[in-house]
Amino acid sequence: MKRDNSKTTDVVRHSPPEATQSRGRMGDLLRRIRITLRFNRLGAVGLFLILCLILVAIFAPLIAPYDPSKLNIQERLQPPSIRHLFGTDAAGRDVFSRVVYGARISLRVAVVVVAIAASVGAAIGMTAALCGGLIDEALMRFTDIFLAFPPLILAMAVNAGLGPGIESAMLAVAVTWWTGYARMIRGQVMTTKNNLYVDGARAIGASRGRILVRHILPNCIGPTTVEVTLDAGAVVLTVAGLSFIGLGVQPPTPEWGAMVSEGHGYILTQWWWPTFPGLALCWMVVGLNLVGDFLRDLLDPRLQGRSG
Amino acid sequence: MILRYVLRRCIFLVFVIVGVTGLLFLITYSIPADPARVAAGPGATPKQVENLRQKLGLDRPAYVQYLTYMKNLFRGDLGKSTRTKKPVIEELKSYLPASLELMVAAMLINVLIAVPFGVLSAVKPGHLADSVSRLFAALGMGLPLFWVALLAQFIFYGKLHVLPFGGRLSTSLLPPAHFTGSFIIDALLAGDWLLFKDALVHLILPATVMALPEIAVTSRLMRSSMLEVLGQDYIRTARSKGLPERLVVGKHALRNAVLVPLTMVGMQVGWILGNTLLVETVFSWGGLGFLAFNAIYKLDFPVIMGVALVMCFVFVILNLLVDILYAYIDPRILY
């Protein structure tokens, strides 16, 4: 997650890309996954949780027994039963079907926000590291200003400015999230660009663009992947939080945070309404965190040495 | 030495504040909604809207507007709430103490639980405390806090009937005479034990929920930091000269180990500030988060920006305090 930067930045610096054959690489990767799973069993749990979620999102129309937005006043506020696994809400909608469809929204949120934040962060971090000097200083102080905001507060302000809605919520969270990537990638590029093999590439006359794409960027991919996975969970929680306070996803869209928000007045009498969407959120976030830890171990050569 | 450092940090603070207000101004300036139209009300003619636009200075260039905004800010004028028509600064003043009370309580609970847990699990790996804190760390950061708050209400109010549902006081009681704004301190100052007890009971649940994710982080940091310190030479020296383990751990190791989690406190304040938005909403805790929540529903923009600004200030200033405290605890740090 965002607070755990210290650990991820010192993960693996890959050796320069080698001209191994692709099948050899595949086999190597599978072997490493097997070894890592042996001492990080929770990683398997995380992979299982996330895989389930992706399948649920893809096959939502087949899994959900009802239309997630179909009103049915006769069956309002029914407790969980065989007919309605997670009960029904005040408009008689099936909570289970809504939770199932919610997986699509939360997965989309995670992917879109993290992709925007990581690309903006990467662009700024790389520019700062490669240009150095005044530009570096200016870009990093600019980053500091964003860091002076408590994360959810800046997202709230931006979201309120853009107006409620899922797109503005995603944009608002991305605006607060790029700083971590900018710092991390700047650090990564700074350490890589002084390596001997980069000097070597320059000596044989490689262009700046080629050095960046072929020799520097591949070294940033590993740590960024770990960071992205660990961040995705926090991103989903933040967007859900925005939806909960009425900014992000608007009802009747079946987003988990918005569903908890809608049902929150019913916690004492119809507990199932806000409880199950919240559980789904936990499922996803815990899954993402475990997968993130797993990836960190997978890419950490020190751990590979331990049991390899 | 430390004075010079504080001075330097204060100068940096000015830059941060200019940056933060600039950013907030930019958001206000670029909102799709037309503030003049909103302020004029739905029945206004185009001419009336235009007049109001001139009166509010909204027709002038952006930088002039920013300078006016800053000038007003320094005079403590943050505009008027479009919902209650009261000055935003008054609203903030009446809601801030409640949030601070909740935050301080959450931080206290965090330290009181996380530090002993971290130390215990470092001193006795595999002990029950170690397993519990491991589990806690895995879950603590993955839980949606607003949902945990709801579950806490369901369990402790709905099922066990041991703690109140929400609010800062029972409805039958009147708040104490306003002095600090914190009901607990004010009740204590007034010598009203009943009120003090009631306010304290209302504080337990929201503060504990808010502390949960922080406990997860702090106890893990405390554990790893303690393990590292316990491996140091001076700990071996302390042991070999025959000091009882209690003193070795409690005095020599703890003081050094506590530095690592302390560096995180500043960051944690940021998370806690964000979380007040969610937790206060669930518990109807009359603080800044609750104010913001109500403002969001009416799209009361001046109030939302005011809350963001105040929380930012609190965050920046508390971070400064943590840094100074850090220098005070660890004399090796020179600035």
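With a 1.4 Å probe and every protein chain kept in, tell me what percent of the accessible surface of the protein assembly as shown is carbon plus sulfur.
Working: 20620 of 30850 Å².
Reported share for carbon and sulfur atoms: 67 percent.
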- Contact-by-burial set, the stretch A:227-244, min loss 40 Å², accessible area of protein heavy atoms with 1.4 Å probe, reference chain alone, gives A:L237, A:F244
- Message: Using all alpha carbons of the stretch A:135-242, what is the percent of pairwise distances in each 10 Å bin, ordered from the shortest bin to the longest?
- Response: 13, 33, 29, 17, 7, 1
- Message: So, R0 is 30 Å and r is the distance between the beta-carbons of A:R208 and A:D144; what FRET efficiency does that work out to, to 0.05?
- Response: 0.60
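Just tell me, in residue order, which DSSP H segments of chain A are both 20 angstrom or longer along the helix axis (alpha-carbon based) and at least -1.0 in mean Kyte-Doolittle hydropathy. Let's see the in-between values first.
Working: long enough: A:22-39 (26 Å, -0.43); A:41-58 (26 Å, 2.68); A:95-131 (53 Å, 1.71); A:133-147 (21 Å, 0.91); A:166-192 (38 Å, 0.55); A:217-244 (39 Å, 1.18); A:272-299 (41 Å, 1.01).
Going by DSSP H runs, the hits are A:22-39, A:41-58, A:95-131, A:133-147, A:166-192, A:217-244, A:272-299.
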- Mean shadow of the stretch B:257-298, computed from the convex hull of its alpha carbons, in nm²? 3.4 nm²
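In the structure displayed, which of B:K159/B:K298; B:K197/B:K251; B:K93/B:K298 lie more than 30 Å apart, Cα to Cα?
Numbers: B:K159/B:K298 34 Å; B:K197/B:K251 34 Å; B:K93/B:K298 20 Å.
Pairs exceeding the cut-off: B:K159/B:K298; B:K197/B:K251.
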- Message: Need the list of lysines near B:K55 for cross-linking: C-alpha distance under 23 angstrom, and skip anything on the same chain fewer than eight residues off.
- Response: B:K47, B:K71, B:K80, B:K85, B:K86
- Note on the structure: For the stretch A:158-308, the per residue accessible area (1.4 Å probe, Å²) is 35 Å²
- Determine the calculated [θ] at 222 nm for the protein assembly as shown from helices alone, applying -39500 (n - 2.57) to every DSSP H run no shorter than 4 residues and normalising by the residue count; nearest 500 deg cm²/dmol. -23500 deg cm²/dmol
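Grab the eigenvalues of the alpha-carbon gyration tensor for the stretch B:246-335, scale each by 5, take roots, and send me the semi-axes largest first in whole angstrom.
Values: eigenvalues 266, 49, 10 Å².
That gives 36, 16, 7 Å for the three semi-axes.
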- Kyte-Doolittle cut-off 0.0, length cut-off 30 Å along the helix's own axis using Cα: show which whole DSSP H helices in chain B pass. B:2-29, B:88-123, B:193-230, B:259-283, B:301-329
- Using only alpha carbon positions, build the gyration tensor of the protein assembly as shown, then give the equivalent ellipsoid semi-axes as the square roots of 5 times its eigenvalues, largest first, whole angstrom. 38, 32, 31
- Peptide A:138-151 - average C-beta neighbours from other chains (10 Å radius): 5
- Query: How many times 2.2 N^0.38 Å is the alpha carbon radius of gyration of chain A?
  - Reply: 1.15
- Message: Just to confirm, what accessible area per residue do you get for chain B at 1.4 Å probe, in whole Å²?
- Response: 52 Å²
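Which of the peptides A:210-221, B:240-251, A:57-68 is most tightly packed, and how do the rest follow, going by the mean number of other Cβ atoms within 10 Å of each residue? Please report the intermediate quantities before stating the final value.
Numbers: A:210-221: 16.7, B:240-251: 11.8, A:57-68: 14.9.
The most tightly packed comes first, giving A:210-221, A:57-68, B:240-251.
Pop the C-beta distance of B:L243 and B:L13 into the FRET formula with R0 = 30 Å and round what comes out to the nearest 0.05.
Details: r = 43 Å, r/R0 = 1.43.
Efficiency computed from Cβ-Cβ geometry: 0.10.
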- Using only the Cα atoms of the stretch B:211-280, what do you get for the radius of gyration and for Dmax, in Å? 15.7, 52
- Message: I want to check the label-to-label distance for B:K251 and A:A44. Put each point 7 Å from Cα in the C-beta direction and report it in nm to one decimal.
- Response: 5.0 nm
- What's the average, rounded to a whole number, of partner chain beta-carbon atoms within 10 Å of each residue's beta-carbon in B:13-22? 3
- Approximate shape of the stretch B:118-244 as ellipsoid semi-axes (Cα gyration tensor, √5λ), whole Å, largest first: 39, 21, 12
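Give me the one-decimal Kirkwood hydrodynamic radius in Å for chain B, with the sum taken over alpha-carbon pairs. Intermediate values should be presented prior to the final figure.
Working: mean 1/r = 0.0436 Å⁻¹.
Its Kirkwood hydrodynamic radius stands at 22.9 Å.
Enter the mean number of other protein chain beta carbons within 10 Å of the beta carbon of each residue in A:259-267, as an integer.
Values: counts 0, 5, 4, 0, 1, 7, 1, 1, 11.
Across A:259-267, the average partner-chain Cβ count within 10 Å equals 3.
Solvent-accessible area per residue for the stretch A:50-93 at a 1.4 Å probe radius, Å²? Kindly include the intermediate steps, with their values, before the conclusion.
Numbers: 2690 Å² over 44 residues.
Per-residue value: 61 Å².
Rounded to the nearest 100 Å², what is the buried accessible area between A and B, both sides summed, probe 1.4 Å?
Chains A and B together bury roughly 4000 Å² of accessible area.
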- Item | Two-decimal Rg/Rh across the stretch B:117-156, once Rg and the Kirkwood Rh are taken from alpha-carbon atoms | 1.15
- Just need the relative contact order of chain B here, percent rounded to a whole number, with Cα pairs under 8 Å and 6+ apart. 24 percent
- Using a 1.4 angstrom probe on protein heavy atoms only, which residues from the stretch B:264-309 are buried by at least 50 Å² of accessible area when all chains are present rather than their own chain alone? B:W271, B:L277, B:L278, B:I296
- Note on the structure: Taking only the alpha-carbon atoms of the stretch A:167-304, the convex hull volume per residue, in cubic angstrom, is 127 Å³
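The values are calculated or read from the model by the stated rules, or taken from the named source; none is laboratory data. Owing to the predicted nature of the structure, the values given are computational and were not obtained by experimental measurement. Using ideal geometry, Cβ is built from the backbone for each residue, glycine included, and neighbour counts are taken over all protein chains shown. Remember, those area values only see protein heavy atoms, side chains included, never the ligands or the DNA or RNA. Shrake-Rupley method; radii C 1.70, N 1.55, O 1.52, S 1.80 Å.
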